[in-house]
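Accompanying notes for the structure given below.
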Amino acid sequence: MATKKKNKKIFILSGAGLLVVILVAAIVIGGKKEPVITVQTEKVARRTITQVVTASGQVEPKDLVAINPEVSGQIVDLPVVEGQKVSKGQVIVKIRPDQYIAQLQQSEAQLQSAMSQEQLAKANLSNAESMYKRAQALYEKSLESVQDLQSAKTTYEVDKATYESSKANVDQAKAQVGVNQDALNKTTIRSPMDGVVTVLNSKLGETVLGTSFTTGTEIMDIANMNSMEAQVNVDENDVVLVAVGDTSILSVDAFPNKKIKGIVYQIATSGTTTGAGTQDQVTNFLVKIRIVDPTQYDLKPGMSVTADIQTATHRNVLSVPIQSVTIRTPKMPEGGAQGGKNLKGQGMREKAQEVVFVVKNGVAHAVQVKRGISDDNYVEITSGLKEGEEVVSGSFVAISRELNDGSKVRIENNKMMAMKAVGGGS
């Protein structure tokens, strides 16, 4: 009886030990099982891709003139206000003319004196010329001495030089009259074009400074509001994509629900650098965009604007979601490979590739691709894929880190479709 109990106990312990071995083996085998990665997918399809360069800046008039006086003085008449429309030739500023009138009158008097001196010099020259000719005639008849002839000649030459000098004085006086008349005329400033007074810096009674050689006081700005442009700063990496004639869609902060069309007409040939020598160093190029029919909008100088410049459009091209393209760095033998096998004795080197994961029968395959232009959502694929193939489009972590060539995947597109419906994705 005791022997039977002992055998039964041994049997139970043996069975328990076997069960433990089976469980351990199952855990080990299960631990070696390859994980299944959950992904979202989308079909390779043909689309129209428009490449866009985005830049920000301000709305400015294409034709803007700063009104600076060319003479100094007190403003005695300022018949315009900021925002007022003005016509070409309209009086917009008058500067006190008193001193310029006095200067003109003084120069006119000097001109009259110079002209009188010229007349006197002319008369003296005429008399000296007659006396010189008479002395020559008498000398030829031996009735005049050499000394008298020489004296008459000297008097003639002096009077001739005096006359020439008096003529130069008259010309100089006339020029001064012209200068003073011009200065007097400049005390009245007229609008150089049809436009609007966009900025008015000066007030009635203010003294302004003006010269013909330097920029004086800026009294006001006049702009042609029928010809507006967007001036935007484009990053140095993007400016090479932009060309004169490119279409741009402008968004003005003041009109959030309006899209304004523009055409690129000028690209700066040199850039402007800010934050030089720091981590924030940026080089931008000024791009000017002519606004098509600006009279449709109540645009004002200085308004903030964002420009989406359409630099290229490719139609009916193969495309995938932009996030589907990622970088992988497979091991490659130095000097290349033969028959897909690494050469013995040669080191390994890394070569980055752009790949897309194509899903077939629940397995993701890394396919090297070449891409063209892209928009906000899709990228053109120029080689490596065929229309209709199913590519991984999410998640970002799966595409960028988890997936490898041959990874097993489980497709869950319902969540992705719901997110697109909420977000308005295409």
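Any residue that is among the β-branched types (V, I, T), part of a loop (DSSP other than H, G, I, E, B) and buried (at least 17 other Cβ atoms within 10 Å of the Cβ) - is there at least one of those in segment 55-67? Spell out how you get there, then give the answer.
Here is the first cut: in segment 55-67, the residues among the β-branched types (V, I, T) are 59, 65, 67.
Applying the additional criterion that residues be part of a loop (DSSP other than H, G, I, E, B) yields none.
So far as segment 55-67 goes, no, none of its residues is among the β-branched types (V, I, T), part of a loop (DSSP other than H, G, I, E, B) and buried (at least 17 other Cβ atoms within 10 Å of the Cβ).
With respect to S251, determine if the residue is of a type in the set (S, T, N, Q) and touching a Lys or Arg at 6+ places or on another chain (Cβ under 7 Å). Against the criterion (of a type in the set (S, T, N, Q) and touching a Lys or Arg at 6+ places or on another chain (Cβ under 7 Å)), S251 qualifies. Name the single residue, out of those in segment 88-113 being among the small types (G, A, S), within 58 Å of the chain's Cα centre (by Cα) and not in a loop (DSSP other than H, G, I, E, B), that is farthest from T188 (Cα to Cα). My answer is A109.
Each row is one residue, and each column tells you yes or no for (1) in the same structural domain as G73 (by TED's automatic domain parsing); (2) out of contact with any Gly (no Cβ under 7 Å at 6 or more places or on another chain); (3) of a type outside the set (S, T, Y).
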{"site": "E157", "(1), (2), (3)": "no, yes, yes"}
{"site": "K160", "(1), (2), (3)": "no, yes, yes"}
{"site": "N169", "(1), (2), (3)": "no, yes, yes"}
{"site": "P192", "(1), (2), (3)": "yes, yes, yes"}
{"site": "S212", "(1), (2), (3)": "yes, yes, no"}
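Of all residues in segment 172-227, those satisfying the criterion of being buried (at least 19 other Cβ atoms within 10 Å of the Cβ), of a type in the set (S, T, N, Q) and within 17 Å of D98 (Cα to Cα) are N180, T187.
Summed over segment 68-80, the residues that are crowded, with 16+ Cβ neighbours inside 10 Å and more than 13 Å from V208 (Cβ to Cβ) give a count of 1.
Would you be able to say whether some residue in segment 31-49 is over 30 Å from E229 (Cα atoms) and modelled with pLDDT under 55? Within segment 31-49 (the criterion being over 30 Å from E229 (Cα atoms) and modelled with pLDDT under 55), the answer is yes, since at least one residue qualifies.
There is no residue in segment 316-323 that is modelled with pLDDT under 95 and either crowded, with 17+ Cβ neighbours inside 10 Å or out of contact with any strand residue (DSSP E or B) (no Cβ under 8 Å at 6 or more places or on another chain) (or both). Counting the residues of segment 224-239 that are among the aliphatic types (A, V, I, L, M) and at pLDDT 95 or above gives 4. Counting only residues that are touching a helix residue (DSSP H, G or I) at 6+ places or on another chain (Cβ under 8 Å), at positive phi and not in a strand (DSSP E or B), segment 68-87 holds 0 of them.
Residue-by-condition table, conditions (1) assigned by TED's automatic domain parsing to the domain that holds Q296; (2) polar (S, T, N, Q); (3) modelled with pLDDT of 90 or more:
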residue: L241; (1), (2), (3): yes, no, yes
residue: V244; (1), (2), (3): yes, no, yes
residue: S248; (1), (2), (3): yes, yes, yes
residue: D253; (1), (2), (3): yes, no, yes
residue: P256; (1), (2), (3): yes, no, no
residue: I260; (1), (2), (3): yes, no, yes
residue: Y265; (1), (2), (3): yes, no, yes
residue: A268; (1), (2), (3): yes, no, yes
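Give the residue, chosen from G89, G83, that is touching a Lys or Arg at 6+ places or on another chain (Cβ under 8 Å), surrounded by fewer than 17 Cβ atoms within 10 Å (Cβ to Cβ) and either under 30 Å from K288 (Cα atoms) or β-branched (V, I, T) (or both). Result of the check over G89, G83: G89. Only one of the listed residues (V158, V199, V170, V177) is closer than 30 Å to A121 by Cβ, in contact (Cβ under 8 Å) with a residue 60 or more places away in the chain and of a type in the set (A, V, I, L, M, F, W, C). That residue is V177. Put simply, of V305, V282 the only residue that is in contact (Cβ under 8 Å) with a residue 12 or more places away in the chain, in contact with a Gly (Cβ under 7 Å, 6 or more places away or on another chain) and surrounded by fewer than 16 Cβ atoms within 10 Å (Cβ to Cβ) is V282.
The values are calculated or read from the model by the stated rules, or taken from the named source; none is laboratory data. These numbers were taken from a predicted model, which means no experiment stands behind them. Cβ atoms come from the backbone with ideal geometry, glycine included; neighbour counts cover every protein chain shown.
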